[in-house]
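Asker: Handing you a structure now.
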Amino acid sequence: MKLLAQAIAKFFLGLVLVGMLIFLPAGTLHYSRGWLLMGILFIPMFGAGLVMMKKNPHLLKSRLNAKEKAREQSVVVKLSGLMFIAGFICAGLDYRYGWSQLPFAVSRIATVIFLLSYLAYAEVLRENTYLSRTIEVQENQTVVDSGLYGIVRHPMYAVTVFLFLSMPLVLGSLIAFFIFLLYIPIIVKRLLHEEKFLSKELDGYETYMKKVKYRLIPFVW
């Protein structure tokens with residue numbers, strides 16, 4: 001019950017916070033693309049939370065923990081947070097003042113990309129039940145090298161690139177999209193630090209890095 005209460009509290013806090021960041025700068029609730037993003041973001045999130053609560057409460061607990069112990073990773077998390085805040089606010093202001101509004105067809109395509117990426121994200125969670133929002137090695141953790149992890153070493157980060165870059169396009173803001181591009185160097189910094197940590201702390205990870213050569217994009221990097 002404590003875990004359920006924590007999950008519900010964080011869900012509604014995120015719902016209210018994102019809503020405020022989008023609709024207050026927009027100056028209206030009649031921002032259809034804002035509601036579209038809210039729907040595709042929070043409805044699947046609620047469903048995923050229910051599934052994890054029933055099938056893997058430990059995974060849900062680890063996903064709710066966002067407090068990084070390492071200073072370097074704490075900085076990365078804060079930078080990501082600032083990026084989201086700036087991006088959502090600019091998207092709302094962009095709608096309000098019409099600076100760089102994209103055709104609605106772009107929002108439809110971005111919605112499809114977002115939902116497909118969410119499905120891939122769910123698959124990553126299914127394949128690796130040790131996934132935490134913080135960089136750590138859990139008790140009895142082993143290296144996962146099958147499925148998407150047999151293609152790239154960081155499939156979760158690869159998926160989040162598509163998730164996060166599609167968000168400003170769903171909102172129809174080109175300005176916000178350029179802000180969200182900052183996520184790429186941020187996540188690269190995070191995964192490079194994570195690999196150094198795991199190669200030292202997780203048995204078999206160095207062998208895994210030799211087996212799976214690419215980090216984010218097959219045949220590229």
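Values quoted throughout were computed directly from the atomic coordinates according to the rules given, and no laboratory measurement underlies them. The model shown is predicted, which means the values in this text are computed figures rather than measured ones. Here Cβ is always computed from backbone atoms with ideal geometry, including for glycine, and neighbour counts include all displayed protein chains.
Asker: Computed from the mean reciprocal separation of all distinct C-alpha pairs, what Kirkwood hydrodynamic radius does the range 133-221 have, in Å? It would help to have the intermediate numbers written out before the result.
Answerer: Values: mean 1/r = 0.0698 Å⁻¹.
Value: 14.3 Å, from the Cα pair sum.
Asker: Of the options F42, L131, G150, report the single residue whose Cα projects farthest towards the positive end of the charge dipole of the chain (beta-carbon charges: Lys, Arg +1; Asp, Glu -1).
Answerer: So the residue furthest toward the plus end is F42.
Asker: A follow-up question, please. Calculate the spin-label point distance for Y97 paired with K196, positioning each point 7 Å from the Cα along the beta-carbon direction, and give it in nanometres.
Answerer: Output for this residue pair reads 4.0 nm.
Asker: When only C-alpha pairs under 8 Å and at least 6 residues apart count, what is the relative contact order of the chain, in percent?
Answerer: 27
Asker: I'd like to know how the chain sits against the 2.2 N^0.38 Å rule of thumb: what's its Cα Rg over that expected value?
Answerer: 1.05
Asker: How large is the dipole of the range 2-211 about the Cα centre if only Lys and Arg carry +1 and Asp and Glu carry -1, each at its Cβ, rounded to the nearest 20 debye?
Answerer: 360
Asker: What translational D, rounded to a whole number of µm²/s, comes out for the range 68-177 from Stokes-Einstein when the hydrodynamic radius is the Kirkwood one over Cα pairs, at 10 °C and 1.306 mPa s?
Answerer: Answer, rounded: 100 µm²/s.
Asker: Further question: Rounded to the nearest 20 Debye, what is the dipole magnitude of the range 98-221 about its Cα centre when Lys and Arg each give +1 and Asp and Glu each give -1 at the C-beta?
Answerer: Value, rounded to 20: 380 debye.
Asker: Would you list the membrane-span-like helices of the chain, meaning whole DSSP H runs whose alpha-carbon atoms span at least 27 Å along their axis and whose mean Kyte-Doolittle value is at least -0.5?
Answerer: Taking the DSSP H segments of the chain (at least 27 Å long, mean hydropathy at least -0.5), we get 2-26, 32-55, 71-97, 104-127.
Asker: Here's a follow-up. DSSP loop (so not H, G, I, E, B), at most 14 other Cβ within 10 Å: list which GluC sites (Glu not before Pro) in the range 116-221 pass both filters.
Answerer: Answer in residue order: E139.
Asker: Now for a different question. Measure up K54/K211; K55/K196; K10/K55; K61/K210; K54/K213 against 28 Å on the Cα-Cα distance and list the ones that go over.
Answerer: Pairs exceeding 28 Å: K54/K211; K55/K196; K61/K210; K54/K213.
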